[in-house]
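No value in this document is a laboratory result; all are computed from the given coordinates. Nothing here was measured: the structure is a model prediction, and the numbers come from that model. Cβ coordinates were reconstructed from backbone atoms using ideal geometry, including for glycine residues, and neighbour counts include every protein chain displayed.
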Amino acid sequence: MRLFVSIDLPNSLAESVAGVQDRFRDADGLTFTDPQQAHVTLKFLGDVDEDRIPAIENTLESAVESDIDFGPFDATVGGLGVFPSLDYISVVWVGVDDGAEEMRLLHNAVESRVYDLGFEPEDNDFVPHMTIARMQHAGGKKLVQDTVRELKPEIGEMEVEAIRLTKSELTDEGPEYSTVAAFRL
């Protein structure tokens, strides 16, 4: 099964995410993510045998209990960015301002713990973000570039109380996510 570790955006902020996505609706080549499923991916695990789930759950519980010296925290979601660059856009995202450092610490704790289970570390710096669109071709690149440069949306605030082990099922309508286990901060 396809798994990742996430911090989920509360449904109360999904409408604000959809409003930002609307600013990109005329950009040819973009496909949009479901704002109800917005999340920060702390670690993508990939395809994992089901019999490994208990060990992953124990590892994530240990990371939260042993490696993190803070409890729930507030985060502010806002701003825009792209990966890998404005010259070559693959992903459009909203970022995290307040709370970003705590998310980096969570990422580092998860990354180091799952490495011990054989999961390779990421080869790029972790940037707390929520993907709102993917660019399939560059038809609307100029509109995306201009909007990212000019728009500084404020999505809202959220309390981060847990991380989740999330299952992703790819369907014709897009990915569907479900929580396998949650780990309270």
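Relative to the current alpha-carbon distance between residue 112 and residue 184, full extension at 0.36 nm per residue lengthens the span by 24.1 nm.
Run lengths n ≥ 4 of DSSP H only: what is the helix-derived mean residue ellipticity at 222 nm for the chain, with -39500 (n - 2.57) per run over all residues, to the nearest 500?
Estimated from H runs of four or more residues: -7500 deg cm²/dmol.
Taking Lys and Arg as +1 and Asp and Glu as -1, the other residues whose beta-carbon sits under 12 Å from that of residue 151 total -1. The lysine pair count for the chain, using Cα distances under 30 Å and pairs eight or more places apart or on different chains, is 5. Computed from the C-beta positions of residue 58 and residue 31 and an R0 of 35 Å, the FRET efficiency is 0.45 to the nearest 0.05.
Among all helices in the chain defined by DSSP H, which have a length of 20 Å or more along the axis from Cα atoms plus a Kyte-Doolittle mean of at least -0.5? Length and hydropathy pass: 100-115. Springs join every pair of Cα atoms under 10 Å in this Gaussian network model of the chain, and among 31, 41, 131 the largest mean-square fluctuation is at 31. Building the convex hull from the alpha-carbon atoms of the stretch 2-184 and averaging its projection over directions returns 10.2 nm². Counting only Cβ charges, +1 for Lys and Arg and -1 for Asp and Glu, the dipole size of the chain around its Cα centre is about 560 debye. Between the residues 89, 156, 182, the greatest Cα displacement towards the positive end of the dipole of the stretch 2-184, with unit charges on the Cβ of Lys, Arg, Asp and Glu, is found for 89.
Taking each residue as 0.36 nm, the span from residue 47 to residue 74 lengthens on full extension beyond its C-alpha to C-alpha distance by 6.6 nm. Normalised by the number of residues in the stretch 2-184, the mean separation of alpha-carbon contacts (under 8 Å, six or more apart) gives a relative contact order of 35 percent. Compute the distance from the alpha-carbon center of the stretch 76-100 to that of the stretch 144-185, in whole Å. Taking the Cα centre of each part, the stretch 76-100 and the stretch 144-185 sit 12 Å apart.
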